[in-house]
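The block underneath contains the structure these notes are about, expressed in structure tokens.
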Amino acid sequence: MIISKTREEIELMRESALIVSKTLGMIATEIKPGITTLQLDKLAETFIRDHGAVPGFLGLYGCPSTLLTSVNEQVVHGLPTDRPIEDGDVVSVDCGAIKNEFYGDHAYTFEIGDVAEDTKKLLKITKESLYAGIREFKAGNRVGDVGYAIQQYTEAHDYGVVRDLVGHGLGRKMHEDPEMPNYGKRGRGKKFIEGMVIAIEPMINMGTKDIKHLKDGWTIVTRDGKPSAHFEHNIALVDGKPELLSTFGYVYEALGIKSDEENEFRKEALVL
């Protein structure tokens, strides 16, 4: 059952989402060759707690970490390790936080140093597909409309759309209805309702769509060993239109990137 949120609850969820956004912004200032994902994990836990929230992943389903850090061919759910990040890596950092009893949950894939051009393109197209999906999150549409938009955008570049992992509703629980696949058919699936909040998160592979689980029980990798990309936003349906609760603005501020990609999904500019 889809749980609609009141305007007041959506504003509380925005606070939770922005804690995660700020955490990712902090990570952007620290992630570089030589640092380990375990070190980033400790920094993130301290940052979240210092900002009046609680890590959303830590302990959830037995998760042992604050961040899930997926490097190169790792798709999602990578556990932080003591392996130093290297020049040329790409690292998906997925983060959750709980504030006001509501979850925030989103992800950004970082380029580390001199990344191969074909991998840069994968990240670019994956992030663009996220916004293609968000545009379809509107009154009158259904789950399949979002998945279709993401699938068409990415498969046009011969990328593999992961089928086994999906986005989801978000609220007082990390995972609520509906499931949000990154593939689908127009007009199919549950209908969107005013006040619902979802996490849309394309997980796109350079090669095959197929994945496998590592023995740690968490980390998921591409079956062919090629790179994967993962971007995620939290979005509310307000007045029949998608409204971003999260932002990559703090990441862009840290990295010196200029972008207006989020403007169409905001009623007013976000003050960083």
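Within the range 154-239, the proportion of C-alpha pairs whose separation exceeds 18 Å stands at 51%. Each principal axis of the Cα cloud of the chain was taken in turn, and the coordinate range along them, longest first, works out to 46, 43, 38 Å. What a 1.4 Å probe finds exposed on the chain is 49% carbon and sulfur by accessible area, rounded to a whole percent. Give me the 1.4 Å probe accessible area per residue for the range 96-208, excluding ligands and nucleic acids, in Å². I get 39 Å² per residue for this part. Taking a ≥ b ≥ c as the square roots of the eigenvalues of the Cα gyration tensor of the range 24-78, is the shape rounded (a/c under 1.5), prolate (a/b larger than b/c) or oblate? In terms of gyration-tensor shape, oblate.
Here the dipole of the chain is about 740 debye; that uses its Cα centre as origin and unit charges on the Cβ of Lys and Arg (positive) and Asp and Glu (negative).
The sum of -39500 (n - 2.57) across all DSSP H runs of n ≥ 4, divided by the residue count of the chain, sets its helix-only mean residue ellipticity at 222 nm to -9500 deg cm²/dmol. Calculated from the alpha-carbon coordinates, the range 61-170 shows an Rg and a Dmax of 15.6, 47 Å respectively. With the cut-off at 1.5 for a/c, could you classify the range 1-138 from its C-alpha gyration tensor as rounded, prolate or oblate? Cα axes put the range 1-138 in the oblate bin.
May I ask you to list, by number, the DSSP H helices of the chain whose Cα span along the axis is at least 20 Å and whose average Kyte-Doolittle hydropathy reaches 1.6 or more? Result, helices passing both filters: zero. Over the C-alpha trace of the range 115-272, radius of gyration and Dmax come out as 15.7, 46 angstrom.
The values are calculated or read from the model by the stated rules, or taken from the named source; none is laboratory data. It should be emphasised that the depicted structure is a prediction, and the values quoted were computed from it without experimental measurement. For neighbour counting, all protein chains shown are included, and Cβ atoms are generated from backbone atoms with ideal geometry for every residue, glycine included. Accessible surface areas use protein heavy atoms only, side chains included; no ligands, DNA or RNA. Shrake-Rupley method; radii C 1.70, N 1.55, O 1.52, S 1.80 Å.
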